[in-house]
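**Q** Take this structure, written in structure tokens, and hold onto it; I'll ask about it next.
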Amino acid sequence: SERLDPEDLRDLLRSYQDAVAGCITRYGGHVAKYLGDGVLAYFGWPTAYEDQAERAVRAGLEAVAAVQGLSPKDVDALAARVGVATGQVVVGDLVGDSGRQEGAVAGETPNLAARLQELAEPNAVLIAETTQQVIGSTFITEPLGSVRFKGFQREIAVFRVVQERPVDSRFEAAQGDTIVPFVGRVHEFGMLSERWALSKSGQGQVVLISGEPGIGKSRLVDAFCDSLDVIDGQLIRMQCSPYLNDSAYHPIIERLARAAGFAPADPAAERLRKLEQLLGDADEELLAVIPVYAELLSISLDQRYQGLTLQPQALKELTHKTLVGRFEAIAARRPAVFILEDAHWIDPSTQEVLERLLPRTQALPELLIITHRPEWSGEWA
């Protein structure tokens, strides 16, 4: 505010607020108010979600990145600080002599979030222990010890969110190390085992597991995976996301990134090397397929490869053909299990790849398992 004239400062604040509000609303949050250069947001009101604490943390991480991406003139790189707290509040309009405040919250949770935000270093997202418990192992966090905040009688454990944890499924992330022994589901487990036996004999099978949230679809799949006699690379587990169901090929891209061992700090050359190693193990024609996967994973190519200059429809066709060919090649070497979880959140591009793969499954030693909620059904199902 000292270096900018009021008009430029107003434009900067507007850009900042638009960037942050976009991150909040993308994850189903509600912008309650703007407080100068601060933003107060609710997750869980007026719309409740089963994973609202996770949504708040994701929005916080993206908001920090979005603010860093702003490049105002005559100003050094901008930084933001985020505090996330979880708990019960009372929400309602406050009406008094001084005016009306709609959707005001009452409770210690917003106060705690404000204290965490004050404590945070620039570009850090801090959460309290209650949020840490709810998000499970979804994120890599760093404990910062216990802090006695002003207005709170007890010390509160504080954690800094480092990044999202790479995992094969949302169930694994949510449960962490607290998975209890698998009990029951004898009929369902037996059916999966029977279908796997048929698949190994060359009669490919497709199994759909449908059920309401929390009924145990992912736990059943997890227990089945633990019983499998497959080697590394023959169990391919992909996870659809409620946050990225408009992001083309998201489950496939995430799986490829995990299989290749990409790290957030890897430069393009290192990612290309890891991709070559991954696809080389599959005996694929690297010169032909690397440009397709590089385009899919947004990796820059070096002089050994020729970039793709296809029209969008031709590129889409080549991408689908390459991905389906990879699934077929994996199963052709030895029996394989492909798992697609939460298909009710599938993006259209992944859906098209799945629909191309289905007719080929019968002739391959592969078992394809798809989990979904009852409200979803593919036209082929």
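The values are calculated or read from the model by the stated rules, or taken from the named source; none is laboratory data. Computed from a prediction, not measured in an experiment: that's the story for all the values here. Glycine also receives a Cβ, built like all others from the backbone with ideal geometry; neighbour counts cover every protein chain displayed. Just the protein is used for accessible areas: all its heavy atoms, side chains included, with ligands, DNA and RNA removed. Shrake-Rupley method; radii C 1.70, N 1.55, O 1.52, S 1.80 Å.
**Q** From the list Leu368, Leu354, pick out the single residue that is free of Cβ contacts under 8 Å to residues at least 40 places away in the same chain and closer than 23 Å to Asp222 by Cα.
**A** The unique qualifying residue is Leu354.
**Q** Scan the strands (runs of 3 or more DSSP E) fully inside the range 38-157 and keep the ones with 3 or more residues being open to solvent by 20 Å² or more (accessible area, probe 1.4 Å).
**A** Once the strands (runs of 3 or more DSSP E) in the range 38-157 are filtered for at least 3 residues that are open to solvent by 20 Å² or more (accessible area, probe 1.4 Å), what remains is 38-42, 90-96, 99-106, 139-147.
**Q** Out of the range 1-31, which residues are within 25 Å of the chain's Cα centre (by Cα) and open to solvent by less than 60 Å² (accessible area, probe 1.4 Å)?
**A** Hits for the range 1-31 are Tyr16, Gln17, Ala19, Val20, Ala21, Gly22, Cys23, Ile24, Tyr27, Gly28, Gly29, Val31.
**Q** From the set of residues in the range 328-351 that are β-branched (Val, Ile, Thr) and within 12 Å of Ala248 (Cα to Cα), which is most open to solvent (accessible area, probe 1.4 Å)?
**A** In this case the residue turns out to be Ile346.
**Q** Now, a different point. For Ile330, indicate whether it is at pLDDT below 95, more than 15 Å from Leu208 (Cα to Cα), in contact with a strand residue (DSSP E or B) (Cβ under 6 Å, 6 or more places away or on another chain) and not small (Gly, Ala, Ser).
**A** In short, yes.
**Q** Being part of a helix (DSSP H, G or I), in contact with a strand residue (DSSP E or B) (Cβ under 7 Å, 6 or more places away or on another chain) and either under 20 Å from Gly83 (Cα atoms) or aliphatic (A, V, I, L, M) (or both): is that true of Val31 here?
**A** no
**Q** Are any of the residues in the range 338-349 over 30 Å from Glu375 (Cβ atoms), modelled with pLDDT of 90 or more and in contact with a helix residue (DSSP H, G or I) (Cβ under 8 Å, 6 or more places away or on another chain)?
**A** The answer is no; no qualifying residue exists.
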